[in-house]
Amino acid sequence: MKHINHIWLTLAAAGACLASAQTISPTLGGTNQAVATGTKTATVQQTVNLKLPEATALHLATTNLEFDISKIGQQDGTWYCAYGKPGSDGVARDITDTPGANFWNQKEVLPLGTSYSPTTEFGKVTINAGPQVKSYPPVALLNGVVDNKSKAYFVCYRTFVLQKFSNLGNFKLSVSRDTPTGDRGKQLMYIQDNPCDSFGQPTGLYQLLPGSTRELIPLNLTKGTTGKRAAAGAAATPKLCREYTSWLDDLVVVAVVVDGDLAGDNIATLTYTLESKAAPFVLADSKVVNP
């Protein structure tokens, strides 16, 4: 029995760490009181004020997004490298020649003609590309003979979650890339953002050159608080956003084209900025920079 009691006490102590009770006292209004008298009824009025400070916050799931090409062909399920789609012209193909104001007049591109499609599960995407690349430098045999077409540029995809919080009524998210001084860190890079409540449509990416800035959220998706948007996504069928949170999850997709880069660490530093304000954002608020 002593052993059993010891286990019960241990569990009780663990439960106390998970939940606690706090005693509070009645609120006294001082001079803010109301008194009413009547013969059969009496009425008083009270306001209940939930007073919230303005708040804007970002949570980055990983500060180090690594494409280790020495591990190509043995990657885990978090990244994938493949040749471009057959018939792709050059490094990137434009989706449209006339970008719209809703996308801050930014042009979406398909790196080497590749793209990604959301799956039915938020966070997972399907890479639409040519054959998988399994060696570096890229080369493959066809019927026992080296296939010169396999000695081509290729593209690698990774994703991560970026969570944002904003309660001012409107928000926008931008990303800026540094400008390295040396020969490294200038790899071809592409990026796109997918809020959980709008997840589900195939999309292109924005090219992110050194020194450039891109707006990641279309204008029509900058409205509302993140809590309201997350709640709408959680109530959707199928459910997209997490329940009972005012943080809005975004899935960010990054693609890197591997061509003539120098060996070693090619580091690009990306800075994400979330801005909030009460008034709606307009095209003039764009932070887009094209180097």
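I'd like the residue in segment 179-191 that is in contact with a strand residue (DSSP E or B) (Cβ under 8 Å, 6 or more places away or on another chain) and open to solvent by 10 Å² or more (accessible area, probe 1.4 Å) and, out of all such residues, is farthest from V289 (Cα to Cα).
Checking each candidate, the answer is Q187.
Tell me the residue from T27, T96, T47 that is at pLDDT below 90, assigned to a loop (DSSP other than H, G, I, E, B) and open to solvent by 40 Å² or more (accessible area, probe 1.4 Å), please.
Going through T27, T96, T47 in turn, just one is at pLDDT below 90, assigned to a loop (DSSP other than H, G, I, E, B) and open to solvent by 40 Å² or more (accessible area, probe 1.4 Å): T96.
Within segment 205-268, which strands (runs of 3 or more DSSP E) (wholly inside it) include 1 or more residues that are β-branched (V, I, T), modelled with pLDDT of 95 or more and closer than 22 Å to N167 by Cα?
Once the strands (runs of 3 or more DSSP E) in segment 205-268 are filtered for at least 1 residues that are β-branched (V, I, T), modelled with pLDDT of 95 or more and closer than 22 Å to N167 by Cα, what remains is 248-258.
Would you point out the residue of segment 119-158, among those that are of a type outside the set (A, V, I, L, M, F, W, C) and in contact with a Lys or Arg (Cβ under 8 Å, 6 or more places away or on another chain), that is most open to solvent (accessible area, probe 1.4 Å)?
P137
Could you give every pair whose Cβ atoms fall below 6 Å, whose first residue belongs to segment 122-137 and is under 22 Å from T203 (Cβ atoms) and free of Cβ contacts under 8 Å to residues at least 60 places away in the same chain, and whose second residue is among the charged types (D, E, K, R) and surrounded by 20 or more Cβ atoms within 10 Å (Cβ to Cβ), counting only separations of at least 6 or pairs across chains?
No pair meets every condition.
Among residues belonging to segment 165-196 that are farther than 30 Å from S246 by Cβ and either touching a His at 6+ places or on another chain (Cβ under 6 Å) or among the acidic types (D, E) (or both), point out the one that is modelled with the lowest pLDDT.
D183
Return the residues of segment 159-174 that are surrounded by 16 or more Cβ atoms within 10 Å (Cβ to Cβ) and touching a Lys or Arg at 6+ places or on another chain (Cβ under 6 Å); say none if nothing qualifies.
Across segment 159-174, the qualifying residues are N170, S174.
May I ask you to list the residues in segment 234-256 that are of a type outside the set (K, R) and in contact with a Cys (Cβ under 8 Å, 6 or more places away or on another chain)?
Hits for segment 234-256 are A234, L240, C241, L248, D249, D250, L251, A255, V256.
Condition check: open to solvent by less than 40 Å² (accessible area, probe 1.4 Å), of a type in the set (G, A, S) and touching an Asp or Glu at 6+ places or on another chain (Cβ under 7 Å). Does S115 satisfy that?
So S115 fails the test.
Yes/no per residue for (1) open to solvent by 50 Å² or more (accessible area, probe 1.4 Å); (2) of a type outside the set (K, R); (3) under 24 Å from R177 (Cα atoms); (4) out of contact with any strand residue (DSSP E or B) (no Cβ under 9 Å at 6 or more places or on another chain):
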{"site": "A230", "(1), (2), (3), (4)": "no, yes, no, no"}
{"site": "A235", "(1), (2), (3), (4)": "yes, yes, no, yes"}
{"site": "P238", "(1), (2), (3), (4)": "yes, yes, no, yes"}
{"site": "V256", "(1), (2), (3), (4)": "no, yes, yes, no"}
{"site": "G264", "(1), (2), (3), (4)": "yes, yes, yes, yes"}
{"site": "T269", "(1), (2), (3), (4)": "yes, yes, yes, no"}
{"site": "L274", "(1), (2), (3), (4)": "no, yes, yes, no"}
{"site": "D285", "(1), (2), (3), (4)": "no, yes, yes, no"}
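The values are calculated or read from the model by the stated rules, or taken from the named source; none is laboratory data. Fair warning: this is a prediction, and the values are worked out from it, not measured in the lab. We place every Cβ from the backbone using ideal geometry, glycine too, and count neighbours over all the protein chains shown. Accessible surface areas use protein heavy atoms only, side chains included; no ligands, DNA or RNA. Shrake-Rupley method; radii C 1.70, N 1.55, O 1.52, S 1.80 Å.
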